[in-house]
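This report concerns only the one structure given below.
The values are calculated or read from the model by the stated rules, or taken from the named source; none is laboratory data. As the structure is a prediction and not an experimental result, all values here were calculated from the model. Please note: Cβ atoms are built from the backbone with ideal geometry, for glycine as well, and neighbour counts cover all protein chains shown. Surface accessibility is based on the protein's heavy atoms, side chains included, excluding ligands, DNA and RNA. Shrake-Rupley method; radii C 1.70, N 1.55, O 1.52, S 1.80 Å.
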Amino acid sequence: METRNRRAARLASILAGPRSRTETVLRALVYLAVYLTTSWIAIASSLPGNAVSLVWPSAGVVTLWIATATKRSLPLDLPVLAAAAVVVPVTTGADFDYSLGRAIGAIVMALVFRWILHRWTSLGSAPFAGTAVRSVSTFATIGAAAVVASLVDTVISLAALDTLTDLSQWHTVIHRWSRGVTAIFAVVSTGYLLLASLGRQAWGGSSHQDRSTHPFYLRRRALEVSGVGALTIALMVLSQVNSPDLPISFLLFIPATWVGARFAPLPAATYALATGLVMIGFTLNGYGRFAQVDTAVMAAFLAQTFFTVLFATTLFLSLLSTRLRIAEQEAHGRAELMNRLLATSTAGVLHLKESGEIMVANAAALRLLDVASTVATVEDLHLERVTSPDGTELDPAALPHVRALGGEHVTGEEFRVIDEDGAGERFLRVTAHLMAGGTDGREVLLTLADMTEEHAHTTALSAFAGEVAHDLKNPLTVIEGWSEMLESELAEHAEVESRQVLPMVHRISTAAHTMRTLITELLSYTIARDHTLRLAPVDLGTLVNEVAGAHTSAARNGQTAPHIEVAASHMVLADVVLLRQLLDNLVANAVKYVAPDTVPHVRVTTTPHQGRIRVDITDNGLGIPREFRKRIFDSFYRLDRPGYAGTGLGLSICARVVERHGGHITVTDGPDGVGSTFSFTLATPVPRS
Ligand code: ADP
C-alpha cells in the first residue's frame, strides 16, 4: 500500500507537477509517447487520398499535455510538441507547409485551452484539488474550452490547407471541429480525473471513499461492474453487429445512465470513453447504423457526436450523483452527531410543533419531566404538574412553550415539576424559543436544565442563615435583658448585695458562653465546608488516642471520667485538621448523650472495609430513634432532649467532613440495641512503590 501510494504520487507529480529537471524530461517523454500512439490511431483512420483523418484523439493528448504543464516545464514541452506535430504528418507523406500549419494549429489550440482553464477553473493552480474535479462547473468549462480551442485549431490548420475559403467544404470544417471537441473533452476530463485520483492515493483522499474499500461493497461493486459490462457488450453487439439497420445505438444510454448514477466520476468517464471508442471503431470499420450514411466523414461525425453526448451524460450524471451521495453522507453524519449529543446531554431538549406534536424529546427531557419514553403530543407530558417555583399553580397560558408561541423569548426561567406519583419534585430552568418551522405551522424549541440540587442548596442556605440569626439573637436578648436589670438595680441601690447580683451575672455569662459556642461551631462548620483539603497519611491510632485522652482528662474535675476504649491502628489518607474535628465531635456526642448517672462507655474501632478503612464509634448512650437517623445530620437539627445543650451543628460538620473525604456517615443501634454506633469510611494512603 505504502509503495503503491508513493508510486502514485511520483506518477502524479511527473504528469502534472514535475519538481526536478529529470521529472520534466520524463514528463515530456511520457506525453510524447502517448501523442505518437494516438497520432498513429488517427493516421490509421484517415481516408485514402484525404489528409483529414476521421478521428484525432491526439488533440486531447496535446491539450492535456499543455494544460497540466508547469511554467518551468512549458519551455521544454512546447518545442517537443511542435517538433512532433510537424514530423508526424511529414513522415506520412503530408507536405511541409501543411504539416507546419497543423502544428501551429495544435499549439495555439492547446495554449488557448490552457488559458481558458486556468482563467476560469482552479485546475491550473491545484490539479489534484479534490473538490475542483468533483464540480460540474469545472467540466462544463472543459467542454466550453474544448469548443473554443478546437475551433481555433480548425481555422488555423484548414487555412494552411487553403480549404477554409472553399465554402463547399463546410462539412469538413464542422467535422474537424467536432472531432477536436470530442477528443479534447473526453481525454482532458478523464485525464484530470485520473491525475486527481493518483494525487488522492498519494496524499490521502476524502473520507467519503473509505466506505467503498470495505469487502462488502467491493463484492457488490464487482457484481455491478460485471452486470453493467455484460449489458453494454450485449447492446453494443446488438446495435452495431446484429441489427445494423435499426437505429438503436441510443440503447447504450441505458448502461451509461446506470454507470453515471452509481459510479464515481473517474470510472464513469473511463467507461464512457471506452464505450465511445469501441463505437467509433465499429463505425470506422463499417459496422452499425452510423456507418450506413453516405460519406465516411459523416459517419465519423455522427459516431463522434454520439460519443460526446454519451460521455457528457455519463460524466455529469456521475458528478451530480457523487455530490448527492457525499451530501447525503454528510447529512447522515451530522444527524448522527446530533442524535448522540441529544442522547448524552444532561440538558433536556424538546422540539414541539404548534399543533402540539412532539418532534424531539431527548432522554434527559423525559427524565426531568418524569414521563414515559413514548410521548407523542404535549398532552402526554402532563404539564398540569408544572407550577411556579414557590408552588403556585400555573395558568396554561403561562407555560413556556405557549408563551414562546406567542412570540415571547423565555430565557432561563425557573419552574417546578411534581413527579407523576406526586412523591417528588424537581426544579427546572427553562428556555423556550420560537423557530421558523416547516410548512405546517411554527415550532418551539425548549431546553430544560435541572436546578433541583441548586434549589435545595439555596433553600438550605437561607434556612441556615435564618436559624443563625435567630440563635444568635436569643443569647443577645438574655444578655441585654439581664444587663438592664443589673443596671437599674445598681442605680436604685447604692449598695447591692452580691446575692442579688450574682444570678444575673451568671445568666449573662452563660448566654455569652452559648454565643461563643455557637460562633465557634459556625466557624468549624464553614471550615469543614470550605477549608482546602490537605490530604496526607494519618495514623488513626495516634489521632484517636489523642482525642480520647482530651475527653477523659476534661471530665476529671469531680465527674466520673468516661471510659473510652480505642482499637484503632490503621493509616488513612485524610486532612488531619478536619479528621480531628470529626472524631472530636463524635466522641464528644458519645460522652454527652448518656442517661444521667451512667458512666459513658465509648469504643472506637477501625477495620479494613472494601479497600477503605471503616471507623466505628459505639456508645452506651441514649440512642437515636430510627426516624431521626437521617435528619440529625442536617444543620441545626436537634432532638428534643431537655438538659442537653447544643447547637445542632456538630453532626452536620461531621457529615461534611466525611463527604469531602469521599465517604458517607451513618448511624445504627449500638450492640444489643443499646446506645448508637456512628460509622464512616476513609481512604487508605497509596503505597509508595
Ligand atoms: P448538638 O450535639 O450540638 O445538639 P449534633 O448535630 O452534634 O448537635 O447532634 C444532633 C442531635 O443528635 C443532638 O441533639 C442529639 O440529640 C443527637 N445525638 C448526637 N449524637 C448522639 C449520640 N451519640 N447519642 C444519642 N444522640 C445523639
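Some points to look at:
- Within segment 620-644, considering residues that are small (G, A, S) and either modelled with pLDDT of 95 or more or surrounded by 12 or more Cβ atoms within 10 Å (Cβ to Cβ) (or both), the one farthest from the ligand (Cβ to nearest atom): S635
- Odd one out for R614 among (1) in contact with a strand residue (DSSP E or B) (Cβ under 7 Å, 6 or more places away or on another chain); (2) open to solvent by 30 Å² or more (accessible area, probe 1.4 Å); (3) near the ligand (Cβ under 8 Å from one of its atoms): (3)
- Note on segment 526-541: residues that are open to solvent by 60 Å² or more (accessible area, probe 1.4 Å) and not in a strand (DSSP E or B) amount to 6.
- Scope segment 351-370; condition in a loop (DSSP other than H, G, I, E, B) and charged (D, E, K, R); matching residues: E354, D370
- Considering E546, E565, the condition of being touching a helix residue (DSSP H, G or I) at 6+ places or on another chain (Cβ under 9 Å), open to solvent by 20 Å² or more (accessible area, probe 1.4 Å) and within 14 Å of P600 (Cα to Cα) is satisfied by E565 alone.
- Qualifying residue in segment 375-383 (condition: open to solvent by 30 Å² or more (accessible area, probe 1.4 Å), of a type outside the set (A, V, I, L, M), modelled with pLDDT of 90 or more and part of a loop (DSSP other than H, G, I, E, B)): yes
- Selection of segment 656-677 for residues being within 16 Å of the ligand (Cβ to nearest atom), under 16 Å from A574 (Cβ atoms) and open to solvent by 10 Å² or more (accessible area, probe 1.4 Å) yields R656, E659, I665.
- Residues within segment 112-125 that are open to solvent by 70 Å² or more (accessible area, probe 1.4 Å) and at pLDDT 85 or above, tallied: 3
- Every listed requirement among (1) surrounded by fewer than 17 Cβ atoms within 10 Å (Cβ to Cβ); (2) among the aromatic types (F, W, Y); (3) modelled with pLDDT under 90 is met by F128 save one, (1).
- Among the candidates A376, A327, A347, A335, residue that is of a type in the set (G, A, S) and touching a residue at least 24 places away in the same chain (Cβ under 8 Å): A347
- Checked against (1) surrounded by 21 or more Cβ atoms within 10 Å (Cβ to Cβ); (2) in a helix (DSSP H, G or I), G288 meets all criteria but (2).
- Qualifying residue in segment 94-104 (condition: modelled with pLDDT under 85 and in a loop (DSSP other than H, G, I, E, B)): yes
- Test for I280: is it in a helix (DSSP H, G or I), surrounded by fewer than 17 Cβ atoms within 10 Å (Cβ to Cβ) and out of contact with any Pro (no Cβ under 6 Å at 6 or more places or on another chain): no
- Any chance V544 is in a helix (DSSP H, G or I) and in contact with a strand residue (DSSP E or B) (Cβ under 7 Å, 6 or more places away or on another chain): yes
- Unique residue being of a type in the set (S, T, N, Q) and within 20 Å of S58 (Cα to Cα) when the list is Q292, Q304: Q304
- Within segment 576-608, tally of residues that are among the aliphatic types (A, V, I, L, M) and either open to solvent by 30 Å² or more (accessible area, probe 1.4 Å) or away from the ligand (no atom under 12 Å from the Cβ) (or both): 10
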